[in-house]
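This structure is in structure tokens; I'll ask about it shortly.
Coordinate-derived values only; no laboratory data. Since this is a predicted model, take the numbers as computed values, not measurements. A quick note on method: Cβ atoms are made from the backbone with ideal geometry, for glycine too, and the neighbour counts reach across all protein chains shown.
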Amino acid sequence: MAYETKTRQTEVSVADYVAALDNPRRRADAEALIHLMGEISGLPAKLWGPTMIGFGNIRYTYDSGHTGTMFRFGFAPRAANTVIYASWGFEGAEGLIGRLGKVKRSKACLYVNKLDDIDMGVLREFLQRGFAESYRAHPEDEG
């Protein structure tokens, strides 16, 4: 049976999704990230799956042969924290992450309790460089 990706771009309104968030802090942080990522990318925010807000898209192929499409960068306002998804395959990424402030991380995500806990100037630089890296790695894809 072929694997089917659940995270796909939808036609659901990002503004409506954000307005429906119960937590006022998550709502305010989502609006700030939409503004920041939109400014960096020059692209509109799109809802991917039921909860991820992404900008642009890239096609990928795993070693297994599985292919799919994903946003270049984005985030998800979750109940416990906001998860930021961005490329960090660029030189200096680790140093920037270390300067962000109060974040947790996994292999491909940053977990932020609230944007007030991090240095927004460092986040801007991290996202700008990560977005540029996504173009280096996937120059042929849209946005």
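Working out 0.36 nm times the residue gap between ALA20 and MET120, then minus their Cα-Cα distance, what length gain in nm do you get to one decimal?
Details: separation 100, 0.36 × 100 = 36.00 nm, distance 2.48 nm.
Answer, rounded to one decimal: 33.5 nm.
Work out the FRET efficiency for THR10 and TYR111 from their Cβ-Cβ distance, taking R0 = 25 Å, and round it to the nearest 0.05. Before the final figure, lay out the partial values.
Values: r = 24 Å, r/R0 = 0.94.
Efficiency for this residue pair is about 0.60.
Please identify the longest segment of the chain free of exposed GluC sites (Glu not before Pro), where exposed means a DSSP state other than H, G, I, E or B and no more than 15 other Cβ atoms within 10 Å. Could the numbers behind the result be given before it?
Numbers: sites that count: GLU4, GLU11, GLU91, GLU140, GLU142.
After excluding every exposed loop site, the longest remaining stretch is 12-90.
Starting from the 7 Å offset along Cα-to-Cβ, what nm value, one decimal, do you get for the label separation of ALA32 and LYS104?
2.0 nm
Hey, what number do you get for the chain at 222 nm if only DSSP H runs of n ≥ 4 count, each worth -39500 (n - 2.57), divided across all residues, to the nearest 500? Could you put the intermediate results ahead of the total?
Working: 4 runs with 50 residues, N = 143.
One gets -11000 deg cm²/dmol as the mean residue ellipticity at 222 nm.
Among the lysines in the chain, how many pairs, 8 or more places apart or on different chains, have alpha carbons under 23 Å apart?
On the way: LYS6/LYS46; LYS6/LYS107; LYS46/LYS114; LYS102/LYS114; LYS104/LYS114.
Here the count comes out as 5.
Take ASP63, ASP119 and order them by how many other Cβ atoms sit within 10 Å, fewest up front.
Details: ASP63 5, ASP119 15.
With the fewest neighbours first, ASP63, ASP119 line up as ASP63, ASP119.
Enumerate the helices in the chain for which the Kyte-Doolittle hydropathy averages 0.5 or more and the C-alpha atoms extend at least 27 Å along the helix's axis, using complete DSSP H runs. Could you put the intermediate results ahead of the total?
On the way: long enough: none.
Answer set is empty.
Suppose every Lys and Arg Cβ carries +1 and every Asp and Glu Cβ carries -1, with no other charges. What dipole size does the range 21-143 come out with about its Cα centre, to the nearest 20 debye?
On the way: 16 positive and 15 negative charges, 76 e Å.
In total the dipole reaches around 360 debye.
Return the loop-located chymotrypsin sites (Phe, Trp or Tyr not before Pro) in the range 46-85 (DSSP other than H, G, I, E, B) with at most 16 other Cβ atoms within 10 Å of their own Cβ; answer none if there are none.
Details: sites: TRP48, PHE55, TYR60, TYR62, PHE71, PHE73, PHE75, TYR85; in loops: TYR62, PHE71.
Counting only loop positions with at most 16 other Cβ atoms within 10 Å, the chymotrypsin sites (Phe, Trp or Tyr not before Pro) in the range 46-85 are TYR62.
Hey, fewest Cβ within 10 Å first, where do LYS104, LYS46 land in order?
On the way: LYS104 11, LYS46 20.
Least crowded to most crowded, the residues run LYS104, LYS46.
Moving on to the next point. Share of Cα-Cα pairs in the chain beyond 17 Å, in percent? Intermediate results must be reported in sequence, preceding the final value.
Values: 6080 of 10153 pairs.
Pairs farther apart than 17 Å: 60 percent.
What whole-number distance in Å separates the alpha-carbon centres of the range 102-143 and the range 11-49?
15 Å
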